[in-house]
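To start, the structure under review is shown below, and the notes come after it.
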Amino acid sequence: MTDSKIRSRDDVLGTDLEVRRYGNSALYAYREGDDHVIVFKGNESWTKRIPARRNATVPNERLWTVPENWVPKLEIKGDGDRDYTVYRIPENKVDVLISVPVTVDADEAWYGVESVGKLRFSLDETLDQYEFSAALSDIEAQSNHDEDVLEALRRIERKWLIFKREYESRVDDCSPDVFWDAVESNGTPRIDGRSVDPWEDSFDVAHLLEEILDIDENVSRTVKEILEDVDAIPVTPSIEVTVEEDDSFADYFDFQGLIEAGCSPAEAVDYAMVVLTERTPEEWAATRNVDLNTVGENIQKARQQLHR
């Protein structure tokens, strides 16, 4: 693209054409037809033209604008010079975790594709069997509880792995609804970090204890309080928010993402089969019946396209 075809920032900023501006507007982008035009003005000025819409992507791709068809679902505050946003690609029902530049230099202000898959909520804490077992002897010695309670505690120790698995599963099942209720917003919800505590009240494990141990409600309530008091379980479990790879995606999704990023078919195939599926270059070159150097060159070219 020659300079004569580049719109100045004064022509586009504040108009319907504006797509992005960063910092002091040394980096800006505008819409032109089906494309976004990105302009950087600095010691080494450059321009890029990329599609305005994307239906697929792959981890580690760098984007200079967010595609217009991607829908923001959740904003996450980061620890350093980047925050994060989870976007949904509606055409493929895929979620994408993007790093968002906050304080980086304008020529490094790309959006980084961190992970591609499905938005997940899972327990971000470990149930502490050691703390529980260490406290159980003291609890028994104090004799402050009915025998039904003490026997339930002994059975938990014997069935700890079952209890741990069921507890984690129950938290994971409840977390999505609890999370979205807690962060309900008129705009895109925002949270401080990837680990959150969305529970308004303590997470009720009493009914879970009743099911596992076949005990009545009064005993289960007492056991729950003891488990919390000795720090064997958290009163309100923290939830980790992640975007994880999903096996239900169409087999061609990664390939589509690489092609949309500008890779040739050969580059896309070699990168996907080696980098994304963790085959060795030697194994894949033998499978494809091509020279190892050819595979290596294609992978390198694909990386360059992803970071262009």
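Dipole of the chain computed with +1 at Lys/Arg Cβ and -1 at Asp/Glu Cβ about the Cα centre; of 12, 226, 116, farthest Cα towards the positive end is 12.
Each Lys and Arg contributes +1 and each Asp and Glu -1, all at the Cβ; summed about the Cα centre of the chain, the dipole is approximately 2220 debye.
Taking 44, 91, 61 as the candidate residues, the one with maximal mean-square fluctuation in a Gaussian network model of the chain, Cα springs under 10 Å, is 44. When the chain is treated as a GNM with alpha-carbon contacts under 10 Å, the residue of 155, 82, 190 showing the greatest mean-square fluctuation is 155. If you work out Rg/Rh (Cα atoms, Kirkwood Rh) from the coordinates, which of (1) 1.13; (2) 1.45; (3) 1.08 do you get? The listed entry that was calculated here is (1).
For residue 17, neighbours were defined as the other residues whose beta-carbon sits under 13 Å from its Cβ, and their charges (Lys and Arg +1, Asp and Glu -1) total -2.
Size check on segment 1-51: the Cα extents along the three principal axes, sorted descending, read 29, 22, 18 Å. Counting lysine pairs in the chain that sit 8 or more residues apart in sequence, or on different chains, and whose Cα atoms lie under 17 Å apart gives 7. For segment 253-306, the spherically averaged projection of the C-alpha convex hull amounts to 3.1 nm². Taking every alpha-carbon pair under 8 Å whose residues sit at least 6 apart, the chain reaches a relative contact order of 17 percent. For segment 240-308 versus segment 141-217, the inter-centroid distance based on Cα atoms is 41 Å. Each Cα pair under 8 Å and six or more residues apart adds its separation to the average, and for segment 1-51 the resulting relative contact order is 24 percent.
Taking the 0 to 90 degree range and rounding to the nearest ten, how far is the long axis of helix 129-142 tilted relative to the main principal axis of the chain, both from C-alpha atoms? Rounded to the nearest ten degrees, it is 20. Relative contact order, whole percent, for segment 39-136 stands at 23, derived from Cα pairs under 8 Å and 6 or more residues apart. Residues in segment 237-243 carry Karplus couplings, in order, of x, 6, 10, 8, 9, 9, 10 Hz; the curve used is 6.51 cos²θ - 1.76 cosθ + 1.60 with θ = phi - 60°, and Gly or Pro positions show x. Across segment 165-182, computed HN-Hα scalar couplings (Karplus, 6.51 cos²θ - 1.76 cosθ + 1.60, θ = phi - 60°) run 5, 5, 4, 4, 5, 5, 4, 4, 5, 7, 4, x, 5, 5, 5, 5, 5, 6 Hz from first to last residue, x flagging Gly and Pro.
Helical runs (DSSP H, four residues minimum) scored at -39500 (n - 2.57) apiece and divided by the length of the chain put the mean residue ellipticity at 222 nm at -11000 deg cm²/dmol.
Values quoted throughout were computed directly from the atomic coordinates according to the rules given, and no laboratory measurement underlies them. Since the structure is predicted, the reported quantities are computational estimates derived from the model, not experimental observations. For neighbour counting, all protein chains shown are included, and Cβ atoms are generated from backbone atoms with ideal geometry for every residue, glycine included.
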